[in-house]
Each structure stands twice: as structure tokens, then as C-alpha cells.
Amino acid sequence: MFAINLELVDRAGEVLSVHPDIYWILGGAGSGKSTICAELSGMFSVPVYDMDEHIYGAYFARCRAERHPANTAWAAARDGVQWLLDMSWDEFDAYNRAAAAEYLDLLSDDLEQMDPGQPLLVDGGLYHPEILSRVMPRERIVSLVAPHLESGGSAWVPSGFPIAE
């Protein structure tokens, strides 16, 4: 079974700590993450970092078995969807927790190349917000739900969101 690499989480926390204007938009499929990010990006000239685009794209080439074992195992599966479907709930949950730490590590590599003063919206990509809450303040994590869909709830934008002059 997969385990969370706390060294990766700690590193991500260090990197994120020097980027005070990153806001992470989380939510289920169809909750409006990308739509909200696009709207906020246009209104406030804040770039969007699409985690799903990176997870299913650029991150694959950057995963290393010794550092990113969960994602390396998924990428090596002959049929990645079936591989996930064959897991028990506990195995699937452990995989997603471990993968979240690995995604934060890969994101950290990218953030180290960015201006720490540049605001950034991160669009989705994590299924375990408690991993994310270990590395950035809760007030910069926005959870969306779509009331008209199965999940129910409401959406909000955090106070202090950077507004372009």
C-alpha cells in the first residue's frame, strides 16, 4: 500500500510559504473550478495553474520511482483506470493521499521558478484537501460545490483575494 511521503509535504510547505498569494480552488467534477478560475483570472489578471493539466501531462515525464512511487506505479499500469478500479477503497484512498504529496512536490518544482510575489490561482487536482491544508493556510483554499448537482452546497471566494488596480 502507498504511504504519504512527509518529506515531500514538508518541502512543499517551505516552497508555498514564500508564495503568499496562491489560492487553491478545489471541488468535485463539474463544480465550476475551471470556470471560476477563468473568470477570476480575467477579472484580476491572475494566472491559473491547472493541476489536472499538469497531472495528466507534464508531471508524467518528471515522476521518478524513488521520489514519486504512487504516480510511477499508476503510469506504469497497462490500464490505469482498471488498475485504480481493482483497488479496495482503503488502497485507493492511500494511493490518492500519497499522490497528493507527490503532486505538491512537482508543483513546488514549478513554483521555485516563479516570482514569489506573483498571485496565482491553482485549479483543482487534489482529492485530499487535508494534505493541502498541511502546507498552506486554510483561508487560501477555496472549496466549491455545485448546489444543483449531487454534492450540494455553495461557493465562495476568500477575503483578501488580490484585486488588480
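The values are calculated or read from the model by the stated rules, or taken from the named source; none is laboratory data. All values reported here derive from a predicted model rather than from experimental measurement. As a convention, Cβ positions derive from the backbone with ideal geometry for all residues, glycine included, and neighbour counts pool all protein chains shown. Ligands, DNA and RNA are stripped out before the accessible areas are found, and what is left, the full protein with its side chains, is counted by its heavy atoms. Shrake-Rupley method; radii C 1.70, N 1.55, O 1.52, S 1.80 Å.
Using heavy atoms of the protein chains and a probe of 1.4 Å, the accessible area assigned to Asp90 is about 100 Å².
Working out 0.36 nm times the residue gap between Phe44 and Arg67, then minus their Cα-Cα distance, what length gain in nm do you get to one decimal? Walk me through the intermediate numbers first.
Working: separation 23, 0.36 × 23 = 8.28 nm, distance 3.60 nm.
Extending this stretch completely gives an extra 4.7 nm.
Near the amide H of Ile22, within less than 5 Å, lie the amide hydrogens of Leu120, all on another chain or at least 5 residues away, with H placed in the peptide plane. Computed extension length for Phe92-Ala3: 30.9 nm, one decimal, from 0.36 nm per residue of separation with the Cα-Cα distance subtracted.
Contour minus end-to-end for Ala29 and Tyr56, with contour as 0.36 nm per residue of separation and end-to-end as the Cα-Cα distance?
Length difference between fully extended and current span is 8.2 nm.
Using a probe radius of 1.4 angstrom, the carbon and sulfur fraction of the accessible surface of the chain is 54%.
Report the charge-dipole magnitude of the range 1-93 in Debye, nearest 20, computed about the Cα centre from +1 at each Lys and Arg Cβ and -1 at each Asp and Glu Cβ.
On the way: 6 positive and 14 negative charges, 53 e Å.
Dipole of the range 1-93, to the nearest 20 debye: 260 debye.
The accessible area of Met43, taken with all protein chains in place and a 1.4 Å probe, comes to roughly 110 Å². The residues of the chain present an accessible area of 54 Å² per residue when probed at 1.4 Å with all protein chains retained. Let a ≥ b ≥ c be the square roots of the eigenvalues of the Cα gyration tensor of the range 39-85; is it rounded (a/c under 1.5), or, if not, prolate (a/b larger than b/c) or oblate? Judged from the Cα gyration tensor, the range 39-85 comes out prolate (a/c at least 1.5, a/b above b/c).
For the range 72-134, the set of GluC sites (Glu not before Pro) satisfying both a DSSP loop assignment and a count of at most 13 other C-beta atoms within 10 Å is given as Glu112.
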